[in-house]
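Enquirer: First, the structure itself, so that you have it in front of you.
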Amino acid sequence: MKLTNPANALFHVFEAVLVLAILALVLLVFVARPFGPATRTFDSLKGSEAQAKLGDDWPSGVKAADVASVSLRGQSSIDSHSYWYRIELTPAAARAWQDSIHAAKENSIKSAAKSEETAEGVHREVPGPISFRHQTGDEPDWWAPPASSFRATEGVKWTPGDRTAYGYGLYSLFDEGAGLLWVYDYFSQHDQLWAKGDIPAGEVFTIESPSSPAVAKARLGDRWPTGVALKDVSSCQFDEASVRFDNDWGKATTSWLKVKLTPEAATVWENSIHAREVERIRHIQKLNRLVEGVQRTTNGRLPLRMEVGGRPSFWDPPPANYRTTEGMIWGIEPAIPTGMALYSWFDQATGVLWVYQNSSPRDVLWPQGKIPEGTEIVNPEADHE
């Protein structure tokens, strides 16, 4: 007969009790938490009572004394909500209520967009009766606004890569004859109110992600290459830093660019920025004969020399053969030498163009008169006799 170790038996009893306790806790959580959408509802509360119930949702600028009653029915889930309001109030309070909630809805749509997301929105009028798009729960029995135009604030938030859309809508109508303000407010994931960029006519507002081509183009200004269309660019991340020295050294500037675009657009972009840099060097040569420049290929990792500021988080180009345009301004003694450098490389595998540009006093790229091997940049108008 095999005897059981008392210590082992005690351990198994403890193990069984622990499993039962965990199962009981899980069951308690499910029983305590109601299934389905959360409901928020009240009928015909006086202004002061409704204000206490609504808390921060009570519109700013509206006095409780100007509101006779408020009825609300609302339901919400993890990715949607629908709220219906019927409010009896003075005409002045109705205007203040509408102005407050529509401004708040615009701010809500804008703030919903995170760093790499885009939000589009519009203020407009829509004919009644309004349709309850992707509503959560059923509308209340007392919902009976007149068939007139509603004031609307609508929006769509687009996630990175436009993988999904979130729809937002706020609709309000004040029936002056009855002294009633009707409001419907909703939000729902996977509700695309319009195709991206095809915003309905009205007072449009948008929030672009920092990497959107439109934002980058606005920041780059006339440095955005001619011939590159926004439709050919998927994303564009740009950062720039500069510092002006107090000892007459001049100004140092560094810029980083990571742009995802078509191969054809990448070719146009590179040709444009390097041609611009060559013209810049030639222009300086007209003013100062002691300027040297070269176009060549730089192998390996970029020589980030005397850069200004910290590198942005998106900057992580691999070692490659970088197209290079460099210049040295030697000036007239006792001038301070200044180095200028532009590097670019298009990664065919990822469709990303990397561009780094730097200009800094005291950055000597080569000894005077010893230009690196490559195509020397010479001003054709200069007198070289």
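The values are calculated or read from the model by the stated rules, or taken from the named source; none is laboratory data. It should be emphasised that the depicted structure is a prediction, and the values quoted were computed from it without experimental measurement. Here the Cβ positions follow ideal geometry from the backbone for every residue, glycine too, while neighbour counts run over all protein chains shown.
Enquirer: What strands (runs of 3 or more DSSP E) completely inside the stretch 281-357 contain at least 1 residues that are of a type in the set (Lys, Arg)?
Expert: On the way: elements: 291-300, 320-329, 338-347.
So the answer is 291-300, 320-329.
Enquirer: Condition test on GLY197, is it in a loop (DSSP other than H, G, I, E, B) and either among the hydroxyl-bearing types (Ser, Thr, Tyr) or on the phi > 0 side of the Ramachandran plot (or both)? Walk me through it before giving the result.
Expert: On the way: in a loop (DSSP other than H, G, I, E, B): yes; either among the hydroxyl-bearing types (Ser, Thr, Tyr) or on the phi > 0 side of the Ramachandran plot (or both): yes.
In short, yes.
Residues are listed down the side, and each one gets a yes or a no for (1) aliphatic (A, V, I, L, M); (2) touching a Pro at 6+ places or on another chain (Cβ under 8 Å); (3) part of a loop (DSSP other than H, G, I, E, B); (4) surrounded by fewer than 22 Cβ atoms within 10 Å (Cβ to Cβ):
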site	(1), (2), (3), (4)
HIS123	no, no, no, yes
HIS134	no, no, yes, yes
ARG151	no, no, no, yes
LYS157	no, no, no, no
SER172	no, no, no, no
GLN192	no, no, yes, yes
VAL204	yes, no, no, yes
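Enquirer: Among the residues of the stretch 51-67, which ones are outside any loop (DSSP other than H, G, I, E, B) and without any contact (Cβ under 8 Å) to a residue 24 or more places away in the chain? Break it down into steps so the answer makes sense when it comes.
Expert: Taking the stretch 51-67 and keeping what is outside any loop (DSSP other than H, G, I, E, B), we get 51-57, 64-67.
Listed by number, the residues that qualify are GLN51, ALA52, LYS53, LEU54, GLY55, ASP56, ASP57, ALA64, ALA65.
Enquirer: Name the one entry in ALA229, ALA214, ALA218 that is in contact with a Leu (Cβ under 7 Å, 6 or more places away or on another chain), within 30 Å of TYR356 (Cβ to Cβ) and not charged (D, E, K, R).
Expert: Working: ALA229 fails: in contact with a Leu (Cβ under 7 Å, 6 or more places away or on another chain); ALA218 fails: in contact with a Leu (Cβ under 7 Å, 6 or more places away or on another chain).
Exactly one residue qualifies, and that residue is ALA214.
Enquirer: Say we look at the stretch 329-342 and pick out the residues that are crowded, with 22+ Cβ neighbours inside 10 Å and touching a residue at least 40 places away in the same chain (Cβ under 8 Å); which of these is nearest to SER235 (Cα to Cα)? First the steps, then the outcome.
Expert: Of the residues in the stretch 329-342, the ones crowded, with 22+ Cβ neighbours inside 10 Å are 329, 338, 340-342.
Subset that is touching a residue at least 40 places away in the same chain (Cβ under 8 Å): 329, 338, 340, 342.
Working: ILE329: 34, THR338: 33, MET340: 27, LEU342: 21 Å.
So the residue we want is LEU342.
Enquirer: Something else: Considering only residues that are of a type in the set (Val, Ile, Thr), modelled with pLDDT under 95 and part of a strand (DSSP E or B), which ones fall in the stretch 69-120?
Expert: Once the filter is applied, which keeps residues that are of a type in the set (Val, Ile, Thr), modelled with pLDDT under 95 and part of a strand (DSSP E or B), the stretch 69-120 yields only THR118.
Enquirer: Which of the residues spanning the stretch 137-149 are out of contact with any Leu (no Cβ under 7 Å at 6 or more places or on another chain) and buried (at least 21 other Cβ atoms within 10 Å of the Cβ)?
Expert: Across the stretch 137-149, the qualifying residue is only GLY137.
Enquirer: Continuing with this model, one more query. Say we look at the stretch 227-280 and pick out the residues that are of a type in the set (S, T, N, Q) and part of a loop (DSSP other than H, G, I, E, B); which of these is surrounded by the most Cβ atoms within 10 Å (Cβ to Cβ)? Talk me through it step by step, then tell me what you get.
Expert: Of the stretch 227-280, the ones of a type in the set (S, T, N, Q) are 234-235, 237, 242, 247, 253-255, 262, 267, 271-272.
Of the ones still in play, those that are also part of a loop (DSSP other than H, G, I, E, B) are 247, 262.
Values: ASN247: 7, THR262: 15.
Only one residue fits best here, namely THR262.
Enquirer: What are the residue pairs meeting all of these: first residue in the stretch 312-327, first residue at pLDDT below 95, second residue in a loop (DSSP other than H, G, I, E, B), Cβ atoms under 6 Å, and 6 or more apart or on different chains?
Expert: These pairs meet every condition: PRO319/ARG301.
Enquirer: While we're on this one: For the stretch 198-210, state whether one or more residues are outside the structural domain of GLU277 (by TED's automatic domain parsing), touching a Gly at 6+ places or on another chain (Cβ under 6 Å) and at pLDDT 90 or above.
Expert: no
Enquirer: Across the stretch 69-98, what is the number of residues that are in contact (Cβ under 8 Å) with a residue 24 or more places away in the chain, surrounded by fewer than 16 Cβ atoms within 10 Å (Cβ to Cβ) and either in contact with a Leu (Cβ under 9 Å, 6 or more places away or on another chain) or within 21 Å of PHE187 (Cα to Cα) (or both)?
Expert: 2
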